[in-house]
Structures are given as C-alpha cells and as structure tokens.
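Accompanying notes for the structure given below.
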Amino acid sequence: MSDKNSGQGPADGPANLHEGEAAGTFDTAGLREALDAKGWVQPTPYDYDALGAKAQHEWDSNAAVYEWDGEEGEIGPEYPDLEKTLFGEPGNRGGHGIDFSKIASIELFQEGPVRVQPIAKFEDAGLHPAMLKNVQMAGYSTPTPIQRYCLPAIHQGYDVIAIAQTGSGKTAAYLIPILNKLMGKAKKLAAPRPDPAKFRPGIDPPIRAEPLVVIVCPTRELAVQIFNEARKFCYRTMLRPCVVYGGGTRKDQAAQLQKGCDVLIATPGRLVDFMDSPNTLTLRRLRYMVIDEADEMLQDDWKDEFNKILSGGEQEDGHISYMLFSATFPKAARELAKTHLAETHVRLRVGRAGSTHGNIKQTIIYVDPSRKKDALRDLIHSLPPTRTIVFVNNKRTADELDDFLFNLGLPCTAIHSDRTQKEREAAMRAFRAGTSPILIATGVSARGIDVRNVMHVINYDLPSMSHGGIEEYTHRIGRTGRIGHRGLASSFYSDRDEAIASVLTRTLLETNQEVPDFLKQYEPAGAAEGNIKFETESDFDETEVPGNPDAEQEGTGGDGWGAVASEPEEQPNTAW
C-alpha cells in the first residue's frame, strides 16, 4: 500500500522509488527542502476515517443558500456573512482575467432564424439592480462574446442554442438572464415553500419541489460548479437553488428539495430518480430547461433518461424556453434542438465548434512511454508552484500518479469515477482551497472543473480518437486560460498517439501555436495551408435532402440545418 493511501507522509516511511532511480540515491529530505524553497505546500494524506464518518462530511449539495420568506418585498435584505461565503472578501473578488484580447477577437456567428443586438456591458442588459450587483460581486466586469448575445436573446424570450468554447463564460450566459427574468415573477410563478426560520425538519410537513428552472449536465463536478454559481446569482432574490447528483445521499438531497426549489441543477440519472417520486419533485411549473454540455450526454446510454426529462414530465407544452449549450455540436444535438426548440430561436457559434483560444499556450512534448513519470516530475519541477491539473486516460494511472507525486513530497490529490463521492468532493475542495494544488484526473472530470487560477494543464495521456479525440483535448486544456486568464497546456506525445497527430497539429496552427518538428509532417500543404479544415466542421456543413430528413449530403456553405427558410421542413418527433 502506498504512503498516501495508508495515511502516511513521506517523512513517515521510505518513499516508493519511481522508474529510473536506484535504491539509496533518492534524497526525500533534500527534495522536501527544495520543494519548500520553491513554495509548495506540505502534502496532505487522505484521512479515510474522516471520509468514512457520516458526521465528518458536509455534502456540497448542502452548501448555504440565501433563504428568505418573502415578507419584506421582492428583494431580500443583505446578509454580509453569507455574502462573504458566496463571493469572498470584498477586496478579493473577481473571477475574470485581465487579458480579454484573445476572447474579444473571436468571431461570433449568428446562424439561426433570429438575430439579436449584442450588449457591450452588463449595465446595458436590463438587469435588476440587485442582479447587477450580484454580477459585479461575482467578479464579472466585461461580458464575453457568448454573454453579449445570450443575455439579450434570453431577455427577449427566445430559445437559444449556443456553441461556444470551453472557458468562455457559458454558465453565467444563461444563469444571469434567466434568473433576472424570473425575479419579478417569482411570487406569481413559484410554488409555496416553508419559512426557513420556522421550518422543523422531520416535524413540519415537507413541501414538494416545483422548480421553474432545470439545468441538466453530465457530471457531478459540473453540477456542483453550476450550483455554486447559481447560489451567487440567486442572492437576495426569491429564487432558491438546489442540486441533485448521483453518489450523494438521496435523503439529504430530498430534504433540500422539500424546503422548496426554484432552480434545480441535476445530473440525468438522479433527476429521473426524483421525477419518479412525484411527492418530492414535479416539473409542472417548469419555465426554463437548460441542457449544458449536451454533446457529452447525447449517447445511447443516456437515451431513456433524456427522453423522460424532455417529454415525460408534467411540464406544460408551449410554456417552456429551451437552452442548449455545448462546445461541439454533433448530429444528435442538432436533432434534439430541432425537436424541442421553437422555430424562432437564436443560434450562436463562438469560433469553430470545439475550438480553443489563444490565451492558452499549448506545448507538445515527445516522451517515450517508459519515461513519462520522469518527464512529469521534471515538468512540474521546471515551473514555479502553481495550481495544476494532470489528465490521464484511466483510473489505474490516476491512482499510480497520485501515489508517485505524493511520495515525491508534492501536494496532490486525484479524482475519478471509482472514487466515492465523498472522496471526489474532498479532492475538489482541497484543490480549490490550494491545500492540494495538483489534481490528477480522468477525462470524466474534464467538463466539471472550473477553478480559479488553474495555470497549468498537463496531458500525461493524450486522449485517444476512439474516446473523445480532439474534442476531449479541447475540454481538458480549457480548464486553464478561462475567461480572460492566460494558461499553459503541456501534452506528452509518443508514437502511440499518431491517430490524433493530424487534427492536433491543425489545432495548434489554428491558434498560432508552435508546431514541434515531430508533428510538422502533419501540417496541411498547398491550398489547404491557408484553409485549415477540421472533421468536426462537418457538423455545420451537412444539409438535409428535401423530402428525406434522414438522408444527408455535403453542403456548400450550409450550416448543418439546411437553408434558413420561412417554413422549415417537418422534423421527425424524436430527439435521437
């Protein structure tokens, strides 16, 4: 058993030797001294006793939210202590970076049947003063391209499809306008709820949750992240957010729902579970349905859950606005949008579907597979201590690297699907707090990690083309360089990664990155040199053959939906 998993640190026993080092040559004390000099914090072993004790773990779904009985008017009073919890200390707020030049220069295409005028600043978005203050306290000063268009589109009542880069501010792009629209209507639309100051759990009868907004996302980590953003933007409103996800205790989540819920963030499986308990949850009051990271969920194994979520509830047809957000836009997502979105919708695309942006410096390093651990150690030591995510392709490698780095004296933690939910939440808390600033993660976590000041992403394993390919690469490196920050993405490459080499090279060229010598053979030549083509762009180049919606042909400038017509063709009634 490794030092880390036995609860021992490097000083408590001999360090496990990694490849290439001879016994007796590894100076643990000397390395610890060097690491301290570089500024790394002391590594923290897992405390499995604490993780195993019910009373020792506070679930992320139970995080404090603004609760108000509505008796004092439409806007609640300020609570300074909760304000600090949600937004941080007044002098230490702000989630945006200082370099918006790369993001601001990215082209945004309006491709739907409706065009909207973008806003230049949040003050132009028609926000309630309390919502505008929440936006400012959350650290949003200048809207990103997707926010500039989404805020007016949702404010004007349109359904929205938004295809935007990872790290472009999609969550705020839909949360801010949706919550702002509901603020003045909460008393009229929201379900009754108990007075939180008087409610006695287990004694007073629970209230059935009847959310006005449901946000569906693929991973537990992303659900918690969206919930934390919703907690900020719901501050002082009459809207109460909740989150439900697999792995957490159903009892605790049900107790939160039964205090009242206006904004529900959920993973699909747990949402369907609660929909099967109509005394706990009903969607009959639903007004907004948001599908976030849709391309991740539109797989066959999600089919039954999605069909039930989108059409099997008690929601009233014609009263729901649908929002579809994604970084890529495969055929299944287009079909879902055609089935559920209104004909007069707004469709936005920021840059190329699945692209990244120039705020991230991408470096590809050739490494023999047998030397990858040495290369990882050297790469980490070559830079000043900084919050870092190391991505791997399987759970075993994640655990091995967790032990390897920990036994080198580095403060790390790991997250993957075989870890218990308590362990996953504890790992994310340690990573966010900086007590374990190195996180080893499998791709299952790539979409849910949105942590301030992640400066370095390392692809210890490049994604395979059969499991995510370049889209997975994009999601991974998008954990850094978020919303105006700069970031570094380093990827280990070997001959085993040849399948991804061509599209990886084109990705580097697209954002003016340096192409290493071993990838230059994959650079496009001749006429293709100035017109870099990606396979994923076929999502926007397919047009349906008139009279046969299931047949497709290559278009010449189509947008993946056929030409915009005043009377679109009838579509089959299926999201799949």
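For this structure, a couple of remarks:
- Couplings for segment 487-501, taken from phi via the Karplus curve 6.51 cos²θ - 1.76 cosθ + 1.60 with θ = phi - 60°, read x, 10, 10, 10, 10, 7, 10, 9, 4, 5, 9, 4, 4, 9, 4 Hz in order; Gly and Pro are left as x.
- Amide H within-cut-off set for Asn393, under 5 Å, with H built and near neighbours excluded: Asp461
- Computed over segment 100-350, relative contact order equals 29 percent, with contacts defined as Cα pairs under 8 Å that lie 6+ residues apart.
- Entries of Lys121/Lys170; Lys133/Lys181; Lys133/Lys188; Lys121/Lys361 with Cα pairs more than 19 Å apart: Lys133/Lys188; Lys121/Lys361
- 5 angstrom amide H check on Ala489, placed H, neighbours 5+ away: Lys361, Gln362, Thr363, Val457
- Table column - 3J(HN,Hα) (Hz), segment 133-147, Karplus curve with 6.51, -1.76, 1.60, x for Gly and Pro: 5, 4, 4, 5, 5, 6, x, 8, 10, 10, x, 6, x, 5, 6
- Taking other C-beta atoms within 10 Å as the exposure proxy, Glu210, Glu343 rank Glu343, Glu210 from fewest upward.
- Order of Val503, Val243, Val160 under a 10 Å beta carbon neighbour criterion, fewest first: Val503, Val160, Val243
- This model, with +1 at the C-beta of Lys and Arg and -1 at the C-beta of Asp and Glu, gives segment 151-265 a dipole about its Cα centre of some 360 debye.
- For segment 100-350, the share of DSSP beta bridges that are antiparallel, to the nearest 5, is 10%.
- Applying a threshold of 18 Å to the alpha-carbon distances of Lys187/Lys259; Lys251/Lys422; Lys185/Lys259; Lys251/Lys303; Lys303/Lys331; Lys372/Lys395 flags Lys185/Lys259; Lys251/Lys303 as lying beyond it.
- Whether segment 209-318 is rounded, prolate or oblate, judged on the alpha carbon gyration tensor where a/c under 1.5 counts as rounded: rounded
- Residues whose amide H comes within less than 5 Å of that of Arg347, counting only those at least five positions distant or on another chain, are Glu111, Gly112, Val114, Ile161 (H built at 1.01 Å from N in the peptide plane).
- Segment 321-338 - phi-based ³J(HN,Hα) in whole Hz, Karplus 6.51/-1.76/1.60, Gly and Pro as x: 9, 9, 10, 10, 10, 6, 8, 10, 9, x, 4, 4, 5, 5, 5, 4, 5, 5
- Val515, Val346 arranged by Cβ crowding within 10 Å, fewest neighbours leading: Val515, Val346
No value in this document is a laboratory result; all are computed from the given coordinates. Quick caveat, the model's predicted, so the values are computed rather than measured. Neighbour counts run over all protein chains shown; Cβ positions are idealised from the backbone, glycine included.
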